[in-house]
Amino acid sequence: MRFLVKAALAFTFALWVMGKSWAQAPAGINLEDILYLDLKSGRVAIQLRPDLAPKHVARIRKLAREGFYDGVVWHRVIAGFMAQTGDPTGTGTGGSSYPDLPAEFSSEPFVRGTVGMARTSDPNSGNSQFFICFDEAPFLNGKYTVWGKVIRGMEHVDAIKKGDPGDRSGMVDDPDKILKMVVATDAKDHSVLTSTQPSAEPETQTRGSF
């Protein structure tokens, strides 16, 4: 009897946890336009901006659903500026097997939490690499594609391991990784969207150059 009671309690608790996870998605939010980025210190929620960059958002969704970003390192991180990832080789020269994307520049400013597509000197070379700004970067405005904005968990972005301040390249030794990246539609736990944790705290370290 004691075993049956324990089993029943465990089953009830499991149902409660499952229901709680599913219930976390606030009403009125389009989960297809939310991206979850799981880092070592916690989950980051990114608002996708298909209104600004539909081709880039479609690419990011596709790669996330393929598991492309899972385990990929933050290879270039400059304190006070940005954290860059999306290269499976970890060298800054790699990308996905898909064709490069045409630029989708807009008037959306690069501020703290802005997510932009990395590229070479060719404006139409965005592929899979992206970066998240620690602080405003007006010198990027109109020159790089904005496809998202951190809306929760910016403190976890701040915690990403930085490159050596003496190395202007920003390349990181033994870099942190993306644990998992998932489109919110495909996730069960949406508690980050109702979190009271601040999504934007001042980044006070010295800004680097791009």
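The values are calculated or read from the model by the stated rules, or taken from the named source; none is laboratory data. It should be emphasised that the depicted structure is a prediction, and the values quoted were computed from it without experimental measurement. No Cβ is skipped: glycine too gets one built from the backbone with ideal geometry, and neighbour counts run over all protein chains shown.
Considering 45, 58, the condition of being outside any loop (DSSP other than H, G, I, E, B), within 26 Å of residue 26 (Cβ to Cβ) and free of Cβ contacts under 8 Å to residues at least 24 places away in the same chain is satisfied by 58 alone.
Comparison of 114, 120, 145 shows that the only residue that is loosely packed, with under 15 Cβ neighbours inside 10 Å and β-branched (Val, Ile, Thr) is 120.
Yes/no per residue for (1) surrounded by 14 or more Cβ atoms within 10 Å (Cβ to Cβ); (2) in contact with a Pro (Cβ under 6 Å, 6 or more places away or on another chain); (3) not hydroxyl-bearing (Ser, Thr, Tyr):
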{"residue": "51", "(1), (2), (3)": "no, no, yes"}
{"residue": "59", "(1), (2), (3)": "yes, no, yes"}
{"residue": "63", "(1), (2), (3)": "yes, no, yes"}
{"residue": "73", "(1), (2), (3)": "yes, yes, yes"}
{"residue": "80", "(1), (2), (3)": "yes, no, yes"}
{"residue": "87", "(1), (2), (3)": "yes, no, yes"}
{"residue": "91", "(1), (2), (3)": "no, no, no"}
{"residue": "94", "(1), (2), (3)": "yes, yes, yes"}
{"residue": "102", "(1), (2), (3)": "no, no, yes"}
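When you check residue 137 against the structure, is it under 27 Å from residue 190 (Cβ atoms), in contact (Cβ under 8 Å) with a residue 60 or more places away in the chain and not acidic (Asp, Glu), yes or no? When the stated conditions are applied, residue 137 does not pass them. Candidates are the residues of segment 135-178 that are in a strand (DSSP E or B) and of a type outside the set (A, V, I, L, M, F, W, C); the one that is nearest to residue 43 (Cα to Cα) is 152. The single condition among (1) modelled with pLDDT under 95; (2) in contact with a strand residue (DSSP E or B) (Cβ under 7 Å, 6 or more places away or on another chain); (3) not aliphatic (A, V, I, L, M) that residue 6 does not satisfy is (2).
Within segment 70-102, being outside any loop (DSSP other than H, G, I, E, B), in contact with a strand residue (DSSP E or B) (Cβ under 6 Å, 6 or more places away or on another chain) and either without any contact (Cβ under 8 Å) to a residue 12 or more places away in the chain or under 17 Å from residue 175 (Cα atoms) (or both) holds for 73, 76, 77, 82, 83, 84.
The residue list 151, 160 contains one member that is surrounded by fewer than 20 Cβ atoms within 10 Å (Cβ to Cβ), under 12 Å from the mean Cα position of the chain (by Cα) and not charged (D, E, K, R), which is 151.
Does residue 37 fit the bill of being aliphatic (A, V, I, L, M) and at pLDDT 95 or above? Taking the combined requirement at face value, the residue satisfies it.
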